[in-house]
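All remarks here apply to the structure that follows.
The values are calculated or read from the model by the stated rules, or taken from the named source; none is laboratory data. Nothing here was measured: the structure is a model prediction, and the numbers come from that model. Positions of Cβ are generated from backbone atoms using ideal geometry, with glycine treated the same way; all protein chains shown enter the neighbour counts.
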């Protein structure tokens, strides 16, 4: 089949993709189309990398095919699509609006410096507004990295970074590891699964406890089980009830709040007491919200290590997004962590915007003329940046970077990944067409092997 070719070569410095998930000129979305809604919902829009590799050299072309297909996999004709092709810094973008003509488009993109390239396709109505598929803009994207090993952190480590966190750990150590454990009945298919499940509260700083659900296989012998501690992404939610064969499992909610409450409870917290928590007190390193969250991370590990069933060797931490950030902090500040899985981790490269890149979530400060608009916040952010925590990790690390992710952008993840010590075993999995997702296939495979009877490396 013949393909139209769009060739764009961007000449720009270190870069990442503009944040808005749609064509940059479209300020509104459309609920209607010039085709029946059922037909629209049956279509598939795709951006597909045409090479197997996901990493390129500077100046090398990455190729992507863009196609709108019906259920029979036949290209749809006569529909308006916007193709946004970008080097990622929000300044050099190419928006191509065209009508589909039954021939998939081939987009070839190259960069002249290390960074992230991305192709985004969005289906438009006849007035040029993005269409909705379900509750989301009808779009698809994919991307790749260019010499990502050369992406460097946007900030230097503060001279007293380690001392600051050592002082916080000493403060935490002054609080006894005192826990209240309440058994929680398991229902449905979990009732006969052979686990005991507990709602656990562990004393921590500022009278806000570690709060999570703990599960232990029935009949587990002392010193027989690996421990898996999981952390939550952004938002406000109950801990989950993790049930893993051959493992102690502790799922920790991010805020030390009650577990197992009606959804209205968490909605109320998110809209009120915990509204925009991720920016709270960000100009004070002693009071920034993540300080206590990270100390709860460490206290969760302290607690698990008191359990008689723990084997004393395997202490596995994992999470996605904000949870991935917590896993990195756990591995950096507790040398007994034996394996760290961080999928699309947040809190990476807060100062990336000082180098012309997009920072990772939650984007703590803005930049004007190459300088932070709030210098105090920029300074505090260094103490909470994974680019500095990763320097202290000795356990094996498995990360993922999602090439269609505009929250924890790939360059921010690589900035942290590249600061892992040379002696640390480290693995990065690139997900070329995924948005902000929790997949960590290689890391989960290694964890499963450990839980089947292996040991951490």
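The figures follow:
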| item | result |
| --- | --- |
| Strands (runs of 3 or more DSSP E) contained in the range 162-251 and holding at least 2 residues surrounded by 15 or more Cβ atoms within 10 Å (Cβ to Cβ) and modelled with pLDDT of 95 or more | 195-202, 210-217, 225-231 |
| In the range 284-304, residue surrounded by the fewest Cβ atoms within 10 Å (Cβ to Cβ) [restricted to those that are touching a residue at least 60 places away in the same chain (Cβ under 8 Å) and not in a helix (DSSP H, G or I)] | 284 |
| Candidate set from the range 131-145 (those that are under 20 Å from the mean Cα position of the chain (by Cα) and over 21 Å from residue 101 (Cβ atoms)); member that is surrounded by the most Cβ atoms within 10 Å (Cβ to Cβ) | 143 |
| Among the candidates 407, 423, residue that is over 30 Å from residue 121 (Cβ atoms) and either out of contact with any helix residue (DSSP H, G or I) (no Cβ under 6 Å at 6 or more places or on another chain) or in a loop (DSSP other than H, G, I, E, B) (or both) | 423 |
| Test: residue in the range 146-155 that is under 30 Å from residue 59 (Cα atoms), in contact (Cβ under 8 Å) with a residue 40 or more places away in the chain and touching a strand residue (DSSP E or B) at 6+ places or on another chain (Cβ under 7 Å) | yes |
| Flag if residue 128 is over 25 Å from the mean Cα position of the chain (by Cα) and free of Cβ contacts under 8 Å to residues at least 60 places away in the same chain | no |
| Positions within the range 361-380 being surrounded by 23 or more Cβ atoms within 10 Å (Cβ to Cβ) and modelled with pLDDT under 95, in sequence order | none |
| Close pairs (8 angstrom Cβ cut-off, 6 or more residues apart or separate chains): in the same structural domain as residue 375 (by TED's automatic domain parsing) and under 17 Å from residue 234 (Cβ atoms) in the range 260-283, surrounded by 14 or more Cβ atoms within 10 Å (Cβ to Cβ) and modelled with pLDDT under 95 anywhere | none |
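Every residue, every condition in (1) within 22 Å of residue 277 (Cβ to Cβ); (2) under 10 Å from the mean Cα position of the chain (by Cα); (3) outside the structural domain of residue 282 (by TED's automatic domain parsing); (4) not in a helix (DSSP H, G or I), yes or no:
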position	(1), (2), (3), (4)
319	yes, yes, no, yes
327	yes, no, no, no
330	yes, no, no, no
337	no, no, no, yes
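For every residue, the table says whether it meets (1) in contact with a helix residue (DSSP H, G or I) (Cβ under 9 Å, 6 or more places away or on another chain); (2) at pLDDT 60 or above; (3) in a loop (DSSP other than H, G, I, E, B); (4) in the same structural domain as residue 132 (by TED's automatic domain parsing).
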{"position": "9", "(1), (2), (3), (4)": "no, no, no, yes"}
{"position": "23", "(1), (2), (3), (4)": "no, no, yes, yes"}
{"position": "28", "(1), (2), (3), (4)": "no, yes, yes, yes"}
{"position": "41", "(1), (2), (3), (4)": "no, yes, no, yes"}
{"position": "45", "(1), (2), (3), (4)": "no, yes, no, yes"}
{"position": "60", "(1), (2), (3), (4)": "no, yes, yes, yes"}
{"position": "64", "(1), (2), (3), (4)": "no, yes, no, yes"}
{"position": "67", "(1), (2), (3), (4)": "no, yes, no, yes"}
{"position": "72", "(1), (2), (3), (4)": "no, yes, yes, yes"}
